[in-house]
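First comes the structure, then the notes that go with it.
The values are calculated or read from the model by the stated rules, or taken from the named source; none is laboratory data. Keep in mind that this is a model prediction, so the values were computed, not measured. Virtual Cβ from ideal backbone geometry, glycine too; neighbours counted across all protein chains shown. Protein only, heavy atoms only, side chains kept; ligands, DNA and RNA dropped before computing areas. Shrake-Rupley method; radii C 1.70, N 1.55, O 1.52, S 1.80 Å.
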Amino acid sequence: MNPTIGITLLLTGALLVPVLQVARGQKVTSLTACLVDQNLRLDCRHENTTNLPIQYEFSLTRETKKHVLFGTIGVPEHAYRSRTNFFSKYNLKVLYLSGFTTKDEGTYTCALHLSGQTPIVSSRNVSVLRDTLVKCGGISLLIQNTSWLLLLLLSLPLLQAMDFISL
């Protein structure tokens, strides 16, 4: 094989790996909405297979107009800055919108892309209506974020107290 072709193939392969990593490293897997008291909570779950920082944006589209709520991609609108709280873990970004009313109904979006890379954007939408929102549950959060083994171990004293099992 010609050495020039071999070097070209090697460089092409080396350049393809980061591009594939970008496409996989920021994929949004789900966006859910629920109510905590009078606050809207948006859970944006995503893959995280890279060490590069992930840029994100939460937005609301109402009557074809996009309103940026929070994030590092777009500039959040002033009306929402004092109403939002944000938390982030390894593969979960959570946004709280306080004082949620019917005026805040619409389509919410979570969009992600990796910093410093070609903007390959991954996003998910959820349609939010005040009357159809479910309340966020503590048990469901525990189940979603905890391994089954840990959940079983935490349940053993309760099962033992109710004489379902004996150790």
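For the set Thr64, Thr109, Thr49, solvent exposure ranked by accessible area (probe 1.4 Å, protein chains only) runs largest to smallest as Thr64, Thr49, Thr109. Annotation note: chymotrypsin sites (Phe, Trp or Tyr not before Pro) in region 27-105 located in DSSP loop regions with a Cβ neighbour count of at most 13 within 10 Å are Tyr90. The label-point distance for Thr29 and Val121, in a model that sets each label 7 Å from Cα toward Cβ, rounds to 2.3 nm. Treating r as the C-beta distance of Gln38 and Met162 and R0 as 45 Å, the FRET efficiency rounds to 0.80.
Between Asp131 and Val75, what length in nm is gained on full extension when 0.36 nm per residue of separation is reduced by their alpha carbon distance? If you can, show how the numbers build up before the last one.
On the way: separation 56, 0.36 × 56 = 20.16 nm, distance 2.94 nm.
Separation in residues times 0.36 nm, less the Cα-Cα distance, equals 17.2 nm.
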